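**Student:** This structure is in structure tokens; I'll ask about it shortly.
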Amino acid sequence: MTTDTHFDADDLAEYDFDYTMNENGQLTQAEIATLYAELGEAEQALVTIRDFIRFVVTKLRQYDVVVAQGTTDEFAEAAAIVLHSLSLEWSADEQILECKLTPSEKQEVLTLLSERIIQRKPLSYLINLAYFCGLPFYVDERVLIPRSPIAELINQQFYPYFDVDDVRKNSFFSHGLEESQLAAPEHILDLCTGSGCIAIALAKAFPDANIDATDIDKDALEVAWTNVEHHELAHQVNLLESNLFAKLPAENQYELIVTNPPYVDAAIMADLPPEFLHEPEHALAAGQDGLDLVHQILYHAPDYLTKDGLLVCEVGDSEWALRQAYPEIQFDWLIFEKGGSGVFAITCEELLEYREDFAKQVERVQGLAH
């Protein structure tokens, strides 16, 4: 379908769709024909940006499109679809909502919406764009779409862990560090960097810090390099192909290690919505309980942290599995004002104290793999 034609059932002839199984989130050809008829009616009836956003919200809900990768709800997704199609900033002023669309602009919006519904492909992959910490990033299906709550912590420059305000610290975290304040980190490691979004956001938050960013996947590192170049941070962000810490120089020491590793357990992997199947499986799956890599990170991290160093790690819905694996350890579970959970912080001192426990879990996982 091109942008100079109208939406109707004849548009089906331009595609070789083979969608026949609703239980897999796919549309039948009859449903696609119905969708196109609805889009054709909308093209004639809708006028303003507000009209189109409202219509897109309705269609996303009607066709059970899963919204959880880069946008938080149907309204945010609809606004992104419409505004991106019009080459407008996603945070555009509300005054534009009454602006009228030209015929070609209507086509752009409805084309993108039809792709989103029919392909079940996340919006960020369709437009090769995602935002993290308010920064734009190129993304494609070689990397996960940025969506970590760690963004909030980066925006706060890891307050209260660095340059701590003890009054706010007590209400922000479950227990927190000792009263001694930590200076801003000079050396930071981002494990499992993927698109490079965390490493780049860290570089923006700590402009005087050197950032090392590792990933096991060469394809992901190509995407990360695209983003490093775009943000002109090659002087500050160093990308390295490595399986976790494996290829890091032994002498490297970091005040801060941040990681958003694969952490999805087997049960959730077996029941992922179609949208998530577009993301690289190896960047999501992490064994039966989702903690295969996390155990390794906990065990090896103190070798690369300074004495007062800090590890921040996201485990998502595997939080409870981690609590059960280490019932004696008092992780700092972060509370985010903007939503999100499953992120903990732990000091180098604590990591060393419980290292034998981490070693046992690493050995257990390795035993299961053989």
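The values are calculated or read from the model by the stated rules, or taken from the named source; none is laboratory data. None of these values were measured; they are calculated from a predicted model. Heads up, the Cβs are rebuilt from the backbone with ideal geometry, glycines too, and the neighbour counts pull from every protein chain shown.
**Student:** Within the stretch 44-89, can you find the residues that are in a loop (DSSP other than H, G, I, E, B) and not aliphatic (A, V, I, L, M)?
**Tutor:** Those that are in a loop (DSSP other than H, G, I, E, B) and not aliphatic (A, V, I, L, M): 63, 64, 69, 70, 71, 72, 73, 87, 89.
**Student:** Tell me which residues, restricted to the stretch 130-139, are more than 9 Å from residue 201 (Cβ to Cβ) and surrounded by 17 or more Cβ atoms within 10 Å (Cβ to Cβ).
**Tutor:** Of the stretch 130-139, the ones more than 9 Å from residue 201 (Cβ to Cβ) are 130-131, 136-139.
Of everything in the stretch 130-139, those that are more than 9 Å from residue 201 (Cβ to Cβ) and surrounded by 17 or more Cβ atoms within 10 Å (Cβ to Cβ) turn out to be 130, 131, 137, 138, 139.
**Student:** Since residue 98 meets every condition but one in (1) at pLDDT below 90; (2) touching a Ser or Thr at 6+ places or on another chain (Cβ under 6 Å), which condition does it not meet?
**Tutor:** Here residue 98 meets the rest and fails (1).
**Student:** If the requirement is being at negative phi and without any contact (Cβ under 8 Å) to a residue 60 or more places away in the chain, which of these qualifies: 68, 30?
**Tutor:** Residue meeting the stated conditions: 30.
**Student:** Considering only residues that are among the charged types (D, E, K, R) and not in a helix (DSSP H, G or I), look in the stretch 102-129 and name the one that is surrounded by the fewest Cβ atoms within 10 Å (Cβ to Cβ).
**Tutor:** Filtering the stretch 102-129 for residues that are among the charged types (D, E, K, R) and not in a helix (DSSP H, G or I), the one surrounded by the fewest Cβ atoms within 10 Å (Cβ to Cβ) comes out as 121.
**Student:** Just need a number here: residues in the stretch 200-215 that are closer than 23 Å to residue 279 by Cα and touching a residue at least 40 places away in the same chain (Cβ under 8 Å).
**Tutor:** 2
**Student:** Does the stretch 319-370 hold any residues that are in a strand (DSSP E or B), without any contact (Cβ under 8 Å) to a residue 60 or more places away in the chain and either aliphatic (A, V, I, L, M) or outside the structural domain of residue 293 (by TED's automatic domain parsing) (or both), and which are they?
**Tutor:** 346
**Student:** Determine the pairs where a residue that is in contact (Cβ under 8 Å) with a residue 60 or more places away in the chain and closer than 14 Å to residue 201 by Cα, located within the stretch 216-231, has a partner that is among the acidic types (Asp, Glu) and crowded, with 24+ Cβ neighbours inside 10 Å with Cβ atoms under 8 Å apart, the partner being 6 or more residues away or on another chain.
**Tutor:** 224/215
**Student:** Restricting the stretch 37-67 to residues that are at pLDDT 95 or above and aromatic (Phe, Trp, Tyr), which is surrounded by the most Cβ atoms within 10 Å (Cβ to Cβ)?
**Tutor:** It comes out as 52.
**Student:** Which residues, taken from the stretch 282-295, are under 25 Å from residue 121 (Cβ atoms) and either modelled with pLDDT of 95 or more or small (Gly, Ala, Ser) (or both)?
**Tutor:** If the condition is that a residue be under 25 Å from residue 121 (Cβ atoms) and either modelled with pLDDT of 95 or more or small (Gly, Ala, Ser) (or both), then 283, 285, 286, 290 are the ones that fit.
**Student:** Also: Keeping to the stretch 259-281, report how many residues are closer than 16 Å to residue 365 by Cβ, out of contact with any Ser or Thr (no Cβ under 7 Å at 6 or more places or on another chain) and in contact (Cβ under 8 Å) with a residue 40 or more places away in the chain.
**Tutor:** 3
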